[in-house]
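The values are calculated or read from the model by the stated rules, or taken from the named source; none is laboratory data. This one's a predicted model, so the numbers in the text were calculated from it and none came from an experiment. Glycine also receives a Cβ, built like all others from the backbone with ideal geometry; neighbour counts cover every protein chain displayed. Remember, those area values only see protein heavy atoms, side chains included, never the ligands or the DNA or RNA. Shrake-Rupley method; radii C 1.70, N 1.55, O 1.52, S 1.80 Å.
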Amino acid sequence: RCRRGMRELDQLLLRYLERRWPRADEAERGLFLQLLDREDDTLWRWFMGLERPEDTDHAAIIAVITALPAD
C-alpha cells in the first residue's frame, strides 16, 4: 500500500516503513495505516506543508515521516 502514484510519496512512505515501522508501537502503526487510506494529492499537500491535517495525530505522524533523514 506504500506504492502510490507519485514517486515522491513512495519514497517518503517506504522510508518510514523501513526505518520506523519495526519499532513503532501499535498506535503509531495505526496512524500510518490511516494515512495510506488518504488520496495521494491530500498526502502530498500535507507532506509538502501546503496544508495541515485537521487531526493532530495525523499531523504528528506526518512530522515523524518528514523528519526521517533521506540518506
Checking the chain for trypsin sites (Lys or Arg not before Pro) in a loop per DSSP with at most 10 other beta-carbon atoms within 10 Å yields R1, R3
Kirkwood Rh over alpha-carbon pairs of the chain plugged into Stokes-Einstein at 37 °C, 0.692 mPa s gives a D in µm²/s of 271 µm²/s
CD proxy, 222 nm, the chain: helix-only mean residue ellipticity via -39,500 (n - 2.57) per DSSP H run with n ≥ 4, per residue, nearest 500, stands at -18000 deg cm²/dmol
If every Lys and Arg gets +1 and every Asp and Glu gets -1 at its Cβ, then about the Cα centre the chain yields a dipole, in debye to the nearest 20, of 300 debye
Ranking L9, L31, L17 from most to least accessible area with a 1.4 Å probe gives L17, L31, L9
With every protein chain kept in place and a 1.4 Å probe, the residues M6, M48 fall, from largest accessible area down, as M48, M6
Once all protein chains are kept in place, E51 shows an accessible area at probe 1.4 Å, nearest 10 Å², of 80 Å²
Here the membrane-span-like helices of the chain, with no claim about any membrane, defined by DSSP H, Cα axial extent at least 20 Å and mean Kyte-Doolittle at least -1.0, are none
Over the stretch 15-71, with neighbouring protein chains present, the accessible area per residue in Å² at probe 1.4 Å is 64 Å²
